[in-house]
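Colleague: First, the structure itself, so that you have it in front of you.
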Ligand code: NAI
Ligand code: MG
(Lines give C-alpha, C1' and ligand atoms only; values in the text may rest on other atoms or scores of the structure.)
(Ligands and ions follow the chains in the order given, each with its own letter.)
Protein backbone atom coordinates (compact mmCIF):
# COMPACT_ATOMS: atom_id res chain seq x y z
CA UNK A 1 0.00 0.00 0.00
CA UNK A 2 2.62 2.69 0.76
CA UNK A 3 3.89 2.47 -2.77
CA UNK A 4 0.42 2.75 -4.34
CA UNK A 5 0.39 6.22 -5.85
CA UNK A 6 -3.10 6.13 -7.34
CA UNK A 7 -5.48 8.55 -5.58
CA UNK A 8 -6.80 7.12 -2.30
CA UNK A 9 -10.19 7.85 -0.80
CA UNK A 10 -9.65 6.82 2.83
CA UNK A 11 -7.36 9.25 4.67
CA UNK A 12 -7.20 7.00 7.75
CA UNK A 13 -5.82 4.09 5.74
CA UNK A 14 -3.46 6.39 3.89
CA UNK A 15 -2.12 7.83 7.17
CA UNK A 16 -1.41 4.29 8.36
CA UNK A 17 0.28 3.33 5.11
CA UNK A 18 2.55 6.36 5.17
CA UNK A 19 3.47 5.84 8.82
CA UNK A 20 7.03 5.53 10.03
CA UNK A 21 8.79 6.75 6.90
CA UNK A 22 11.11 9.36 5.61
CA UNK A 23 11.59 9.53 1.87
CA UNK A 24 15.28 9.45 0.96
CA UNK A 25 16.78 8.86 -2.45
CA UNK A 26 13.45 7.77 -3.92
CA UNK A 27 12.74 5.23 -1.15
CA UNK A 28 10.38 5.22 1.80
CA UNK A 29 12.66 4.35 4.70
CA UNK A 30 12.45 4.13 8.49
CA UNK A 31 14.38 6.53 10.72
CA UNK A 32 18.00 5.51 11.33
CA UNK A 33 17.20 5.26 15.05
CA UNK A 34 14.05 3.23 14.35
CA UNK A 35 12.09 5.75 16.42
CA UNK A 36 8.71 7.23 15.59
CA UNK A 37 6.30 9.71 17.15
CA UNK A 38 2.50 9.94 17.09
CA UNK A 39 0.50 11.88 14.56
CA UNK A 40 -2.78 12.97 16.13
CA UNK A 41 -6.15 13.96 14.67
CA UNK A 42 -6.87 17.23 16.52
CA UNK A 43 -10.62 16.80 15.98
CA UNK A 44 -10.77 13.67 18.16
CA UNK A 45 -7.42 13.33 19.88
CA UNK A 46 -7.00 9.89 18.25
CA UNK A 47 -3.62 8.74 16.98
CA UNK A 48 -3.90 8.35 13.20
CA UNK A 49 -0.37 7.26 12.43
CA UNK A 50 3.30 7.55 13.20
CA UNK A 51 6.03 9.76 11.83
CA UNK A 52 9.65 8.71 11.51
CA UNK A 53 11.71 10.59 14.09
CA UNK A 54 14.65 12.00 12.20
CA UNK A 55 18.04 12.90 13.61
CA UNK A 56 21.49 13.85 12.29
CA UNK A 57 21.97 10.37 10.76
CA UNK A 58 18.84 10.73 8.65
CA UNK A 59 19.89 14.24 7.66
CA UNK A 60 23.26 12.84 6.57
CA UNK A 61 21.62 10.20 4.35
CA UNK A 62 19.16 12.64 2.83
CA UNK A 63 21.65 15.41 2.15
CA UNK A 64 24.15 13.00 0.61
CA UNK A 65 21.39 11.65 -1.65
CA UNK A 66 20.41 15.17 -2.65
CA UNK A 67 24.02 16.18 -3.31
CA UNK A 68 24.57 13.11 -5.44
CA UNK A 69 21.37 13.66 -7.43
CA UNK A 70 22.15 17.31 -8.04
CA UNK A 71 25.07 16.55 -10.32
CA UNK A 72 22.81 15.09 -13.00
CA UNK A 73 19.75 17.22 -12.21
CA UNK A 74 21.52 20.54 -12.80
CA UNK A 75 22.81 19.25 -16.14
CA UNK A 76 19.32 18.57 -17.47
CA UNK A 77 18.15 21.37 -19.78
CA UNK A 78 16.21 23.88 -17.66
CA UNK A 79 13.02 23.38 -19.64
CA UNK A 80 13.29 19.64 -19.14
CA UNK A 81 13.46 20.15 -15.38
CA UNK A 82 10.49 22.48 -15.69
CA UNK A 83 8.59 19.89 -17.67
CA UNK A 84 9.06 17.32 -14.91
CA UNK A 85 7.94 19.85 -12.30
CA UNK A 86 4.87 20.62 -14.43
CA UNK A 87 4.16 16.91 -14.59
CA UNK A 88 4.28 16.84 -10.79
CA UNK A 89 1.69 19.63 -10.74
CA UNK A 90 -0.59 17.74 -13.12
CA UNK A 91 -0.29 14.56 -11.08
CA UNK A 92 -0.82 16.38 -7.76
CA UNK A 93 -3.97 18.02 -9.14
CA UNK A 94 -5.39 14.54 -9.64
CA UNK A 95 -4.73 13.93 -5.94
CA UNK A 96 -6.32 17.18 -4.71
CA UNK A 97 -9.21 15.44 -2.98
CA UNK A 98 -7.00 12.78 -1.44
CA UNK A 99 -4.44 15.31 -0.20
CA UNK A 100 -7.23 17.57 1.04
CA UNK A 101 -8.69 14.75 3.15
CA UNK A 102 -5.33 13.77 4.58
CA UNK A 103 -4.35 17.31 5.50
CA UNK A 104 -7.79 17.85 7.08
CA UNK A 105 -7.29 14.72 9.16
CA UNK A 106 -3.80 15.72 10.23
CA UNK A 107 -4.31 19.41 10.93
CA UNK A 108 -8.01 19.83 11.69
CA UNK A 109 -8.52 22.31 8.86
CA UNK A 110 -11.96 21.98 7.28
CA UNK A 111 -11.94 20.05 4.02
CA UNK A 112 -14.29 22.25 1.98
CA UNK A 113 -13.15 25.71 3.09
CA UNK A 114 -9.43 25.08 3.55
CA UNK A 115 -7.83 21.70 3.03
CA UNK A 116 -9.05 20.85 -0.46
CA UNK A 117 -8.38 24.44 -1.51
CA UNK A 118 -4.81 24.20 -0.26
CA UNK A 119 -4.25 20.95 -2.17
CA UNK A 120 -5.41 22.70 -5.35
CA UNK A 121 -3.08 25.65 -4.81
CA UNK A 122 -0.21 23.23 -4.21
CA UNK A 123 -0.67 21.77 -7.67
CA UNK A 124 -1.01 25.23 -9.18
CA UNK A 125 2.32 26.35 -7.71
CA UNK A 126 4.10 23.47 -9.47
CA UNK A 127 2.30 24.22 -12.74
CA UNK A 128 3.33 27.87 -12.50
CA UNK A 129 7.02 27.29 -11.73
CA UNK A 130 7.23 24.39 -14.17
CA UNK A 131 6.84 26.89 -17.01
CA UNK A 132 9.71 29.10 -15.88
CA UNK A 133 12.72 26.97 -16.82
CA UNK A 134 13.77 29.16 -19.73
CA UNK A 135 13.58 32.29 -17.58
CA UNK A 136 16.82 31.30 -15.83
CA UNK A 137 18.62 33.76 -18.07
CA UNK A 138 21.81 35.69 -17.54
CA UNK A 139 23.00 38.90 -19.21
CA UNK A 140 25.63 40.03 -21.63
CA UNK A 141 27.74 42.84 -20.19
CA UNK A 142 29.27 45.61 -22.39
CA UNK A 143 32.54 45.44 -20.50
CA UNK A 144 35.12 45.52 -23.28
CA UNK A 145 34.60 45.02 -27.04
CA UNK A 146 37.43 42.49 -27.08
CA UNK A 147 35.97 40.46 -24.28
CA UNK A 148 32.74 38.53 -24.40
CA UNK A 149 31.33 39.09 -20.92
CA UNK A 150 28.23 37.28 -19.75
CA UNK A 151 26.51 36.23 -16.56
CA UNK A 152 24.85 32.86 -16.12
CA UNK A 153 22.49 31.70 -13.40
CA UNK A 154 23.61 28.60 -11.56
CA UNK A 155 21.74 26.60 -8.92
CA UNK A 156 23.02 27.04 -5.37
CA UNK A 157 23.16 23.28 -4.68
CA UNK A 158 21.29 21.37 -1.99
CA UNK A 159 18.46 23.38 -0.44
CA UNK A 160 17.29 22.61 3.09
CA UNK A 161 13.66 23.60 3.59
CA UNK A 162 11.98 23.73 6.99
CA UNK A 163 8.22 24.13 6.98
CA UNK A 164 5.44 24.72 9.53
CA UNK A 165 2.08 22.99 10.02
CA UNK A 166 -0.44 25.68 9.17
CA UNK A 167 -0.39 25.49 5.35
CA UNK A 168 2.36 22.92 4.85
CA UNK A 169 1.52 21.99 1.26
CA UNK A 170 1.47 25.51 -0.10
CA UNK A 171 4.42 26.74 1.94
CA UNK A 172 6.47 23.75 0.86
CA UNK A 173 5.52 24.18 -2.80
CA UNK A 174 6.67 27.81 -2.73
CA UNK A 175 10.12 26.57 -1.79
CA UNK A 176 10.66 23.35 -3.67
CA UNK A 177 9.04 24.18 -7.02
CA UNK A 178 11.39 27.10 -7.77
CA UNK A 179 14.35 25.34 -6.15
CA UNK A 180 13.94 22.29 -8.39
CA UNK A 181 13.30 24.20 -11.60
CA UNK A 182 16.45 26.24 -10.93
CA UNK A 183 18.50 23.02 -10.76
CA UNK A 184 18.80 22.55 -7.01
CA UNK A 185 17.85 19.42 -5.13
CA UNK A 186 15.98 19.60 -1.83
CA UNK A 187 15.67 18.08 1.61
CA UNK A 188 12.49 19.11 3.40
CA UNK A 189 12.02 18.85 7.17
CA UNK A 190 8.28 18.68 7.84
CA UNK A 191 6.53 20.07 10.90
CA UNK A 192 5.98 17.72 13.85
CA UNK A 193 2.21 18.23 13.70
CA UNK A 194 1.78 17.67 9.94
CA UNK A 195 4.28 15.15 8.57
CA UNK A 196 2.13 12.76 6.56
CA UNK A 197 0.52 14.76 3.76
CA UNK A 198 3.79 16.36 2.72
CA UNK A 199 5.34 12.88 2.71
CA UNK A 200 2.55 11.75 0.40
CA UNK A 201 3.28 14.68 -1.93
CA UNK A 202 6.95 13.72 -1.92
CA UNK A 203 6.08 10.12 -2.69
CA UNK A 204 3.88 11.10 -5.65
CA UNK A 205 6.55 13.45 -7.00
CA UNK A 206 9.24 10.81 -6.65
CA UNK A 207 7.40 8.75 -9.25
CA UNK A 208 8.25 11.54 -11.69
CA UNK A 209 11.52 13.06 -10.47
CA UNK A 210 14.86 11.21 -10.47
CA UNK A 211 15.68 9.71 -7.04
CA UNK A 212 17.36 12.05 -4.58
CA UNK A 213 16.03 15.30 -6.07
CA UNK A 214 13.31 15.67 -3.46
CA UNK A 215 13.83 14.10 -0.03
CA UNK A 216 11.53 14.35 2.98
CA UNK A 217 12.39 14.00 6.66
CA UNK A 218 10.09 14.19 9.65
CA UNK A 219 11.29 14.93 13.15
CA UNK A 220 11.64 17.51 15.87
CA UNK A 221 13.07 20.96 15.29
CA UNK A 222 16.38 20.90 17.17
CA UNK A 223 17.09 17.18 16.47
CA UNK A 224 16.30 17.11 12.77
CA UNK A 225 15.93 20.72 11.56
CA UNK A 226 19.08 21.74 13.45
CA UNK A 227 21.41 19.21 11.74
CA UNK A 228 19.85 20.05 8.38
CA UNK A 229 20.82 23.72 8.67
CA UNK A 230 24.25 22.74 9.99
CA UNK A 231 25.06 20.17 7.31
CA UNK A 232 28.14 21.22 5.30
CA UNK A 233 26.54 20.21 2.00
CA UNK A 234 23.40 22.30 2.49
CA UNK A 235 24.01 25.47 0.50
CA UNK A 236 20.83 27.38 1.23
CA UNK A 237 18.08 27.27 3.83
CA UNK A 238 14.51 28.34 3.31
CA UNK A 239 12.48 28.52 6.50
CA UNK A 240 8.87 29.34 7.34
CA UNK A 241 7.75 29.45 10.96
CA UNK A 242 8.08 31.47 14.14
CA UNK A 243 10.34 34.47 14.64
CA UNK A 244 12.03 32.71 17.53
CA UNK A 245 13.01 29.66 15.47
CA UNK A 246 13.76 31.87 12.47
CA UNK A 247 16.42 33.61 14.54
CA UNK A 248 17.97 30.26 15.53
CA UNK A 249 18.03 29.15 11.89
CA UNK A 250 19.47 32.48 10.70
CA UNK A 251 22.23 32.31 13.34
CA UNK A 252 23.17 28.79 12.28
CA UNK A 253 23.17 29.85 8.63
CA UNK A 254 25.34 32.87 9.50
CA UNK A 255 27.92 30.57 11.10
CA UNK A 256 28.11 28.68 7.84
CA UNK A 257 27.85 31.81 5.67
CA UNK A 258 25.01 30.39 3.62
CA UNK A 259 22.00 32.36 2.41
CA UNK A 260 18.69 31.99 4.17
CA UNK A 261 15.14 32.96 3.29
CA UNK A 262 12.86 33.51 6.27
CA UNK A 263 9.11 33.79 6.17
CA UNK A 264 8.12 34.55 9.75
CA UNK A 265 5.22 35.89 11.71
CA UNK A 266 2.86 38.78 11.32
CA UNK A 267 0.34 41.02 13.02
CA UNK A 268 -1.17 42.45 9.90
CA UNK A 269 -3.26 45.62 10.02
CA UNK A 270 -6.52 46.15 8.16
CA UNK A 271 -7.77 49.74 8.01
CA UNK A 272 -11.45 50.41 7.28
CA UNK A 273 -12.19 54.05 6.41
CA UNK A 274 -15.63 55.60 6.92
CA UNK A 275 -16.24 55.71 3.16
CA UNK A 276 -15.46 52.00 2.63
CA UNK A 277 -17.91 49.58 1.06
CA UNK A 278 -18.69 48.03 4.43
CA UNK A 279 -19.97 44.67 3.21
CA UNK A 280 -16.87 44.19 1.12
CA UNK A 281 -14.69 45.13 4.06
CA UNK A 282 -16.57 42.63 6.24
CA UNK A 283 -15.87 39.86 3.71
CA UNK A 284 -12.26 41.05 3.63
CA UNK A 285 -12.05 40.67 7.40
CA UNK A 286 -13.47 37.16 7.20
CA UNK A 287 -10.90 36.12 4.59
CA UNK A 288 -8.14 38.27 6.08
CA UNK A 289 -8.50 36.85 9.57
CA UNK A 290 -8.64 33.32 8.07
CA UNK A 291 -11.55 32.46 10.37
CA UNK A 292 -12.00 29.21 8.40
CA UNK A 293 -8.39 28.33 9.27
CA UNK A 294 -8.89 29.14 12.94
CA UNK A 295 -6.75 32.23 12.35
CA UNK A 296 -3.64 30.07 11.94
CA UNK A 297 -2.03 32.25 9.33
CA UNK A 298 1.04 34.43 9.33
CA UNK A 299 -0.82 37.01 7.21
CA UNK A 300 -3.95 37.04 9.43
CA UNK A 301 -5.48 40.53 9.55
CA UNK A 302 -5.52 40.39 13.31
CA UNK A 303 -5.38 44.14 13.96
CA UNK A 304 -8.48 45.69 12.44
CA UNK A 305 -8.74 49.48 12.66
CA UNK A 306 -12.24 50.72 11.92
CA UNK A 307 -13.32 54.36 11.61
CA UNK A 308 -15.55 55.29 14.54
CA UNK A 309 -18.44 56.18 12.21
CA UNK A 310 -18.73 52.58 10.98
CA UNK A 311 -17.11 50.67 13.87
CA UNK A 312 -20.26 49.31 15.54
CA UNK A 313 -21.91 48.33 12.26
CA UNK A 314 -18.72 46.61 11.12
CA UNK A 315 -18.35 44.63 14.34
CA UNK A 316 -22.01 43.56 14.22
CA UNK A 317 -21.66 42.36 10.63
CA UNK A 318 -18.42 40.45 11.20
CA UNK A 319 -19.91 38.86 14.27
CA UNK A 320 -23.03 37.78 12.34
CA UNK A 321 -20.89 36.28 9.57
CA UNK A 322 -18.72 34.28 11.98
CA UNK A 323 -21.78 33.24 14.01
CA UNK A 324 -23.25 31.74 10.85
CA UNK A 325 -20.19 29.54 10.31
CA UNK A 326 -20.43 25.88 11.19
CA UNK A 327 -17.75 24.46 13.46
CA UNK A 328 -17.39 20.71 13.28
CA UNK A 329 -15.68 17.62 11.92
CA UNK A 330 -13.03 18.88 9.48
CA UNK A 331 -13.84 16.03 7.08
CA UNK A 332 -17.55 16.94 6.95
CA UNK A 333 -18.41 18.94 3.82
CA UNK A 334 -20.82 21.09 5.87
CA UNK A 335 -18.05 22.31 8.17
CA UNK A 336 -16.64 25.83 7.80
CA UNK A 337 -14.34 25.88 10.83
CA UNK A 338 -12.26 22.96 12.14
CA UNK A 339 -9.84 22.76 15.04
CA UNK A 340 -6.72 24.30 16.47
CA UNK A 341 -3.64 22.26 15.56
CA UNK A 342 -2.36 21.07 18.95
CA UNK A 343 -3.03 21.23 22.71
CA UNK A 344 -0.03 23.56 23.14
CA UNK A 345 -1.36 25.95 20.54
CA UNK A 346 -4.86 25.70 22.04
CA UNK A 347 -3.50 26.73 25.43
CA UNK A 348 -1.48 29.53 23.93
CA UNK A 349 -4.53 30.99 22.18
CA UNK A 350 -6.67 30.65 25.30
CA UNK A 351 -3.95 32.43 27.26
CA UNK A 352 -4.19 35.38 24.87
CA UNK A 353 -7.97 35.47 25.22
CA UNK A 354 -7.64 35.56 29.02
CA UNK A 355 -4.92 38.23 28.83
CA UNK A 356 -7.14 40.36 26.57
CA UNK A 357 -10.05 40.13 29.03
CA UNK A 358 -7.75 41.01 31.93
CA UNK A 359 -6.55 44.04 30.01
CA UNK A 360 -10.15 45.25 29.85
CA UNK A 361 -11.07 44.08 26.34
CA UNK A 362 -14.58 42.93 25.49
CA UNK A 363 -14.37 39.40 24.10
CA UNK A 364 -17.17 38.48 21.70
CA UNK A 365 -17.18 34.70 21.24
CA UNK A 366 -18.71 33.66 17.91
CA UNK A 367 -20.08 30.53 16.27
CA UNK A 368 -20.87 27.44 18.36
CA UNK A 369 -18.82 24.51 19.55
CA UNK A 370 -19.81 21.20 17.90
CA UNK A 371 -22.17 19.02 19.92
CA UNK A 372 -21.21 15.67 18.40
CA UNK A 373 -19.91 13.45 21.27
CA UNK A 374 -17.31 11.95 18.91
CA UNK A 375 -15.66 15.38 18.82
CA UNK A 376 -15.69 16.07 22.55
CA UNK A 377 -11.89 15.77 22.80
CA UNK A 378 -11.41 17.92 19.71
CA UNK A 379 -9.46 21.17 19.90
CA UNK A 380 -12.41 23.36 18.95
CA UNK A 381 -12.30 26.96 20.06
CA UNK A 382 -14.88 29.68 19.49
CA UNK A 383 -13.46 32.56 17.42
CA UNK A 384 -13.16 35.74 19.46
CA UNK A 385 -13.53 39.36 18.36
CA UNK A 386 -12.03 41.79 20.86
CA UNK A 387 -13.36 45.33 21.05
CA UNK A 388 -12.46 48.14 23.47
CA UNK A 389 -8.97 46.74 23.76
CA UNK A 390 -5.85 48.85 24.20
CA UNK A 391 -3.03 48.70 21.66
CA UNK A 392 -0.60 47.36 24.26
CA UNK A 393 -2.67 44.42 25.48
CA UNK A 394 -0.90 41.13 24.53
CA UNK A 395 -3.51 39.98 21.97
CA UNK A 396 -3.34 43.39 20.30
CA UNK A 397 0.44 43.32 19.87
CA UNK A 398 1.69 39.75 19.65
CA UNK A 399 1.15 37.10 17.00
CA UNK A 400 -1.51 34.73 18.35
CA UNK A 401 -1.86 32.33 15.45
CA UNK A 402 -5.43 31.62 16.47
CA UNK A 403 -8.99 32.83 15.80
CA UNK A 404 -8.67 36.08 17.75
CA UNK A 405 -9.16 39.44 16.03
CA UNK A 406 -8.73 42.81 17.74
CA UNK A 407 -10.94 45.60 16.42
CA UNK A 408 -9.89 49.15 17.29
CA UNK A 409 -11.89 52.34 16.79
CA UNK A 410 -10.11 55.28 15.16
CA UNK A 411 -10.91 58.81 14.10
CA UNK A 412 -7.74 60.22 12.55
CA UNK A 413 -6.16 58.79 9.40
CA UNK A 414 -2.62 60.00 10.18
CA UNK A 415 -2.76 58.48 13.65
CA UNK A 416 -4.04 55.16 12.39
CA UNK A 417 -1.26 54.83 9.82
CA UNK A 418 1.29 55.49 12.57
CA UNK A 419 -0.41 52.98 14.85
CA UNK A 420 -0.51 50.34 12.09
CA UNK A 421 3.23 50.79 11.62
CA UNK A 422 4.13 50.45 15.31
CA UNK A 423 4.19 46.67 15.01
CA UNK A 424 7.52 44.83 14.98
CA UNK A 425 6.05 42.85 12.06
CA UNK A 426 5.49 43.87 8.45
CA UNK A 427 4.03 41.03 6.43
CA UNK A 428 0.73 42.26 4.96
CA UNK A 429 -1.67 45.18 5.22
CA UNK A 430 -4.96 46.25 3.69
CA UNK A 431 -6.92 49.48 3.46
CA UNK A 432 -10.58 49.78 2.59
CA UNK A 433 -11.73 53.10 1.13
CA UNK A 434 -13.43 54.59 -1.92
CA UNK A 435 -11.05 57.57 -1.91
CA UNK A 436 -8.20 57.17 -4.39
CA UNK A 437 -5.87 59.60 -2.63
CA UNK A 438 -6.25 57.86 0.72
CA UNK A 439 -5.68 54.49 -0.93
CA UNK A 440 -2.57 55.62 -2.78
CA UNK A 441 -1.18 57.36 0.26
CA UNK A 442 -1.67 54.30 2.46
CA UNK A 443 -0.07 51.91 -0.03
CA UNK A 444 3.06 54.04 0.15
CA UNK A 445 3.15 54.44 3.89
CA UNK A 446 2.12 51.06 5.27
CA UNK A 447 5.20 49.07 6.27
CA UNK A 448 4.49 45.63 4.84
CA UNK A 449 5.64 43.30 2.09
CA UNK A 450 2.15 42.98 0.59
CA UNK A 451 -0.36 45.84 0.63
CA UNK A 452 -3.86 45.55 -0.86
CA UNK A 453 -6.67 48.02 -1.36
CA UNK A 454 -10.29 46.88 -1.12
CA UNK A 455 -9.43 43.23 -1.29
CA UNK A 456 -7.63 40.55 0.63
CA UNK A 457 -6.22 37.96 -1.72
CA UNK A 458 -4.10 35.17 -0.34
CA UNK A 459 -0.75 34.05 -1.85
CA UNK A 460 -0.88 33.93 -5.66
CA UNK A 461 1.64 32.47 -8.12
CA UNK A 462 4.02 35.16 -9.37
CA UNK A 463 3.14 37.78 -6.74
CA UNK A 464 6.27 38.14 -4.61
CA UNK A 465 5.38 37.20 -1.07
CA UNK A 466 7.42 37.98 2.03
CA UNK A 467 7.71 40.49 4.82
CA UNK A 468 9.77 43.36 6.13
CA UNK A 469 10.92 44.00 9.71
CA UNK A 470 10.53 40.90 11.94
CA UNK A 471 8.33 39.19 9.34
CA UNK A 472 11.31 37.90 7.46
CA UNK A 473 13.92 38.10 4.75
CA UNK A 474 13.40 37.45 1.06
CA UNK A 475 10.46 36.74 -1.20
CA UNK A 476 8.66 33.63 -2.30
CA UNK A 477 6.13 32.48 -4.91
CA UNK A 478 7.40 34.55 -7.86
CA UNK A 479 9.85 34.38 -10.75
CA UNK A 480 12.04 36.88 -8.88
CA UNK A 481 12.05 34.60 -5.85
CA UNK A 482 13.41 31.77 -7.97
CA UNK A 483 16.11 33.92 -9.54
CA UNK A 484 17.17 35.78 -6.41
CA UNK A 485 16.94 33.03 -3.84
CA UNK A 486 17.65 29.76 -5.65
CA UNK A 487 20.41 30.73 -8.06
CA UNK A 488 23.64 32.65 -7.97
CA UNK A 489 25.07 34.64 -10.82
CA UNK A 490 28.39 33.67 -12.28
CA UNK A 491 30.30 36.20 -14.36
CA UNK A 492 32.24 34.77 -17.31
CA UNK A 493 34.74 36.73 -19.43
CA UNK A 494 36.22 35.38 -22.63
CA UNK A 495 39.18 37.36 -23.86
CA UNK A 496 39.01 37.28 -27.65
CA UNK A 497 42.30 38.99 -28.42
P1 LIG B 1 8.41 26.77 14.85
O2 LIG B 1 8.89 27.97 14.13
O3 LIG B 1 9.16 26.36 16.08
O4 LIG B 1 8.39 25.53 13.84
C5 LIG B 1 8.45 25.65 12.44
C6 LIG B 1 9.39 24.59 11.89
O7 LIG B 1 10.70 24.80 12.41
C8 LIG B 1 9.01 23.17 12.29
O9 LIG B 1 9.28 22.30 11.23
C10 LIG B 1 9.94 22.89 13.45
O11 LIG B 1 10.21 21.52 13.64
C12 LIG B 1 11.19 23.61 12.99
N13 LIG B 1 12.13 23.93 14.08
C14 LIG B 1 11.84 24.20 15.38
N15 LIG B 1 12.97 24.44 16.07
C16 LIG B 1 14.00 24.32 15.21
C17 LIG B 1 15.41 24.44 15.31
N18 LIG B 1 15.99 24.73 16.48
N19 LIG B 1 16.17 24.27 14.21
C20 LIG B 1 15.60 23.99 13.03
N21 LIG B 1 14.27 23.84 12.85
C22 LIG B 1 13.47 24.00 13.93
O23 LIG B 1 6.87 27.00 15.16
P24 LIG B 1 5.90 26.15 16.11
O25 LIG B 1 6.66 25.66 17.29
O26 LIG B 1 5.15 25.18 15.27
O27 LIG B 1 4.87 27.27 16.56
C28 LIG B 1 5.24 28.28 17.49
C29 LIG B 1 4.60 29.59 17.10
O30 LIG B 1 5.15 30.05 15.89
C31 LIG B 1 3.11 29.52 16.81
O32 LIG B 1 2.37 29.66 17.97
C33 LIG B 1 2.91 30.66 15.86
O34 LIG B 1 2.71 31.85 16.57
C35 LIG B 1 4.20 30.75 15.10
N36 LIG B 1 4.14 30.14 13.77
C37 LIG B 1 4.23 30.94 12.67
C38 LIG B 1 4.16 30.40 11.40
C39 LIG B 1 4.24 31.25 10.18
O40 LIG B 1 3.90 30.81 9.10
N41 LIG B 1 4.70 32.46 10.27
C42 LIG B 1 3.96 28.97 11.19
C43 LIG B 1 3.93 28.20 12.39
C44 LIG B 1 4.00 28.79 13.63
MG1 MG C 1 8.64 25.58 18.01
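Colleague: For residue 103, are the conditions met, namely being farther than 20 Å from residue 333 by Cα, at pLDDT 95 or above and buried (at least 19 other Cβ atoms within 10 Å of the Cβ)?
Modeller: Spelling it out, it is not the case that residue 103 is farther than 20 Å from residue 333 by Cα, at pLDDT 95 or above and buried (at least 19 other Cβ atoms within 10 Å of the Cβ).
Colleague: So residue 267 ticks every box in (1) away from ligand 1 (no atom under 16 Å from the Cβ); (2) closer than 17 Å to residue 452 by Cβ; (3) assigned to a loop (DSSP other than H, G, I, E, B) but one. Which box is left unticked?
Modeller: So residue 267 meets the others, but not (1).
Colleague: Consider the range 61-92. How many of its residues are touching a strand residue (DSSP E or B) at 6+ places or on another chain (Cβ under 7 Å) and outside any helix (DSSP H, G or I)?
Modeller: 1
Colleague: Could you tell me which residue of the range 232-245 is nearest to ligand 2 (Cβ to nearest atom), considering only residues that are more than 23 Å from residue 265 (Cβ to Cβ) and in contact with a strand residue (DSSP E or B) (Cβ under 7 Å, 6 or more places away or on another chain)?
Modeller: Among them, the one singled out is 234.
Colleague: Let me ask something else. Determine if the range 58-72 includes at least one residue that is under 30 Å from residue 369 (Cα atoms), surrounded by fewer than 23 Cβ atoms within 10 Å (Cβ to Cβ), touching a residue at least 24 places away in the same chain (Cβ under 8 Å) and assigned by TED's automatic domain parsing to the domain that holds residue 22.
Modeller: no
Colleague: Would you check which residues across the range 229-249 are more than 7 Å from ligand 1 (Cβ to nearest atom) and more than 16 Å from the chain's Cα centre (by Cα) and list them?
Modeller: Answer for the range 229-249, where residues must be more than 7 Å from ligand 1 (Cβ to nearest atom) and more than 16 Å from the chain's Cα centre (by Cα): 230, 231, 232, 233, 234, 235, 236, 247.
Colleague: Then there is this: Criterion first (within 15 Å of residue 288 (Cβ to Cβ) and either in contact with a helix residue (DSSP H, G or I) (Cβ under 8 Å, 6 or more places away or on another chain) or surrounded by fewer than 16 Cβ atoms within 10 Å (Cβ to Cβ) (or both)) does residue 384 satisfy it?
Modeller: Against the criterion (within 15 Å of residue 288 (Cβ to Cβ) and either in contact with a helix residue (DSSP H, G or I) (Cβ under 8 Å, 6 or more places away or on another chain) or surrounded by fewer than 16 Cβ atoms within 10 Å (Cβ to Cβ) (or both)), residue 384 does not qualify.
Colleague: Right, another one. Hey, residue 254 hits all of (1) more than 7 Å from ligand 1 (Cβ to nearest atom); (2) in contact with a helix residue (DSSP H, G or I) (Cβ under 7 Å, 6 or more places away or on another chain) but one; which does it fall short on?
Modeller: (2)
Colleague: Shifting gears a bit: Residue 286 fails exactly one of the following numbered conditions: (1) surrounded by fewer than 24 Cβ atoms within 10 Å (Cβ to Cβ); (2) away from ligand 1 (no atom under 16 Å from the Cβ); (3) farther than 30 Å from residue 377 by Cβ. What is the number of that condition?
Modeller: So the condition that residue 286 fails would be (3).
Yes or no, residue by residue, for (1) under 30 Å from residue 13 (Cβ atoms); (2) at pLDDT below 95; (3) within 16 Å of ligand 2 (Cβ to nearest atom):
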{"residue": "206", "(1), (2), (3)": "yes, no, no"}
{"residue": "213", "(1), (2), (3)": "yes, no, no"}
{"residue": "219", "(1), (2), (3)": "yes, no, yes"}
{"residue": "260", "(1), (2), (3)": "no, no, no"}
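Colleague: Do the conditions hold for residue 454, that is, is it in contact (Cβ under 8 Å) with a residue 40 or more places away in the chain, in contact with a strand residue (DSSP E or B) (Cβ under 9 Å, 6 or more places away or on another chain), farther than 30 Å from residue 140 by Cα and surrounded by fewer than 16 Cβ atoms within 10 Å (Cβ to Cβ)?
Modeller: In short, yes.
Colleague: Follow-up. With the condition kept exactly as written, say whether any residue in the range 131-143 is out of contact with any strand residue (DSSP E or B) (no Cβ under 7 Å at 6 or more places or on another chain), free of Cβ contacts under 8 Å to residues at least 12 places away in the same chain and either under 25 Å from residue 483 (Cβ atoms) or assigned to a loop (DSSP other than H, G, I, E, B) (or both).
Modeller: yes
Colleague: Ok, one more. Determine whether residue 312 is free of Cβ contacts under 8 Å to residues at least 40 places away in the same chain and within 25 Å of residue 459 (Cα to Cα).
Modeller: The answer is no for residue 312.
One line per residue, one yes/no per condition, for (1) more than 17 Å from the chain's Cα centre (by Cα); (2) within 30 Å of residue 295 (Cα to Cα):
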| position | (1), (2) |
| --- | --- |
| 196 | no, yes |
| 200 | yes, yes |
| 208 | yes, no |
| 224 | yes, yes |
| 251 | yes, yes |
| 254 | yes, no |
| 264 | no, yes |
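The values are calculated or read from the model by the stated rules, or taken from the named source; none is laboratory data. All of these numbers come straight from a predicted model, not from anything done at the bench. Every residue, glycine among them, receives a Cβ derived from its backbone with ideal geometry; neighbour counts consider all protein chains shown.
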